[in-house]
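The values are calculated or read from the model by the stated rules, or taken from the named source; none is laboratory data. Just so it is clear, the model here is predicted, and its values are computed rather than measured. No Cβ is skipped: glycine too gets one built from the backbone with ideal geometry, and neighbour counts run over all protein chains shown.
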Amino acid sequence: MQGKAILLAGVAGAALMMCGAAEAQTTTTKTTVTKHHRHHHRVVKRRTTATVVTGSMPAAAAVPPVASEAGPSLEERVRRLEEQIEADHEREETEHTRVVALEQNFNDTSWSFDNARPTIKSGDGRFTMALRVRFQADDVNFFQDSNVNTVTPTRNVQFKDLSSGALVRRAFFGVEGKAFNDFWYEFRLNAGGGGSAETDPKLSLARVAYLGIPNFELNAGVIEPAFMYEGTMSSGALPFLERPEIDNIAADTFGAGDSRRGVEARFQKQGTFMPDDNLVLDAAFTGAKTESTVGHGNGGDEQTQMLGHAAYRVWSDGISNISFSGDYSHAFTGGCAGCAPGAVNPITLQDRPEFREDGDRLISTGSISAKTADMWALSGGANFENFYIGGEYAHFSVDRLPIRSGSTVLFNGDNPVFSGWYVEGSWVITGEPKSYTVSANNNEVGGFGSPKVASPFSFSGDSWGAWELTARYSDTDLNWDQNRIASGTTQAGIPGGDERIIMVGINWYLNNNIKLQLNDGITHVSKIAAAGSPVQVGQDLNILGVRLQFTN
């Protein structure tokens, strides 16, 4: 009993000693904090946020928290960090979506064979490339009068033995397509020729066009400017084997046709003034053909031309169409390399009799020394379902230079004028309507073309393709004051000749790619040997031609 009392008294004493030591430590801490508070006020504010109460000691006064003065609060910093994390996450999601889309578009790159034209297209549609082929093989026969070799005081035929035979009229191979959505490119080689040792330029087209401006096309390189009525038609859609003579004269002498180095700007819009109209405005600046050296060399300037074309479809019901067009060209002759000072490159107006196997021009003005030359043309066409009619008139003028000997004028300069016209029509007897193209990248800019075959030819079924009957009458007059003989200071007239052709034909469209054409040209040429001469060198003849064509 006494032992237990002694043990309890010892435990109580130990407890009192521990309490005393704790109180002393607390007092010392408070004293230290108080001293530190006097010398480091800011530190105390941060550290003395609470007071520990031990035993019965009174609690020290709590110091309220104070916001930081060095920057944004912790809550603000956390909020900003969360926003940054969320933005990074969204960016990662966007990049992932883009990569997936690109992979899908790459995988969606496809080949197609629309109209037998192999075409590859990227998945996003911004890039395309198509392979183009056009092949035309002709056989032409000239049937001249039996007395063509007879010579009399008033008759001596100029071309007594025109060459019959076969030729590859065109053999095009090229690529075309879209790049980066806003650009169009086209490259075309030609392995065909014009007959009788003539060859067309091998580089037919090599152009780049910008299509990024709505309704506009800017075109540069080796081009084929839109010009003349049938000149705007694709050579694969011509109703006859060849274009009319006035269109060919414009192409050769006034800067139109393919293989021209140049630039071109075009505006085309359907529904400009009325819902079904189609307006085309085209301007071009061209030089010589790609394989021509005309005007090049020391002292020479390349022959250049300015051209303008306007076409307007005034009415359409979706099948039938009525359209009118007009054209103008100004030819700069430039300097003449190796010629006398002041001389220029000559102007020559001429063409074959609407067939190309023989290269002889039955009508020609010959070489005319001219400062400039101008032409204009008016045309129109209409189709009423499967019936078609069209025509054109062209006027040519040349600013002929005076002929001098030193300061003496031997012959005055003058302004010879020439003209030509034609009217043509067709009837698609199988009922397909004549087509009208609103616009296309290969210079089909608002013009008539071939009918679309409803039932392609096949022996296995009752389908014979499409059949079309055609007829055209043309008259090209390259005579100017032909009976005037040079006298005093006046130059002689120009007996270029007058050629009239009645062309009848039939076209068999086996399908939209293969066509057979048969043309018969009943031709009359009236031409005298020289200005004022009584000798007739023209003739009457019949020309028969057939063509096999493949085009895609």
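Every residue, every condition in (1) under 15 Å from residue 474 (Cβ atoms); (2) in the same structural domain as residue 531 (by TED's automatic domain parsing); (3) of a type in the set (Gly, Ala, Ser), yes or no:
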| residue | (1), (2), (3) |
| --- | --- |
| 358 | no, yes, no |
| 363 | yes, yes, no |
| 366 | no, yes, yes |
| 375 | no, yes, no |
| 382 | no, yes, yes |
| 391 | yes, yes, yes |
| 397 | no, yes, yes |
| 402 | no, yes, no |
Anything in the range 233-255 that is within 17 Å of residue 305 (Cβ to Cβ) and assigned to a helix (DSSP H, G or I)? List them, or say none. 246, 247, 248, 249, 250, 251, 252, 253
Candidates 190, 156, 147 - the one that is more than 28 Å from residue 522 (Cα to Cα) and polar (S, T, N, Q): 190
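Here's the yes/no breakdown for (1) buried (at least 19 other Cβ atoms within 10 Å of the Cβ); (2) out of contact with any helix residue (DSSP H, G or I) (no Cβ under 8 Å at 6 or more places or on another chain):
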| position | (1), (2) |
| --- | --- |
| 350 | yes, no |
| 358 | yes, yes |
| 366 | no, yes |
| 370 | yes, yes |
| 379 | yes, yes |
| 385 | no, yes |
| 388 | yes, yes |
| 392 | yes, no |
Within the range 256-277, does at least one residue satisfy the condition of being modelled with pLDDT under 95 and in a helix (DSSP H, G or I)? no
Sort through 98, 91, 169, 77 and tell me the only one that's part of a helix (DSSP H, G or I) and touching a Gly at 6+ places or on another chain (Cβ under 9 Å). 77
I need a count of the residues in the range 179-210 that are of a type in the set (Gly, Ala, Ser), at pLDDT below 95 and surrounded by 15 or more Cβ atoms within 10 Å (Cβ to Cβ). 6
Does residue 506 fit the bill of being closer than 26 Å to residue 224 by Cβ and β-branched (Val, Ile, Thr)? no
Which residues, taken from the range 345-390, are among the aromatic types (Phe, Trp, Tyr) and not in a strand (DSSP E or B)? 355
Residue 157 vs. criteria under 19 Å from the mean Cα position of the chain (by Cα) and farther than 19 Å from residue 545 by Cα: no
Across the range 211-242, what is the total count of residues that are surrounded by fewer than 16 Cβ atoms within 10 Å (Cβ to Cβ) and polar (S, T, N, Q)? 1
Go through (1) within 27 Å of residue 520 (Cβ to Cβ); (2) touching a helix residue (DSSP H, G or I) at 6+ places or on another chain (Cβ under 7 Å); (3) not charged (D, E, K, R) one by one and return the number of the condition residue 246 breaks. (2)
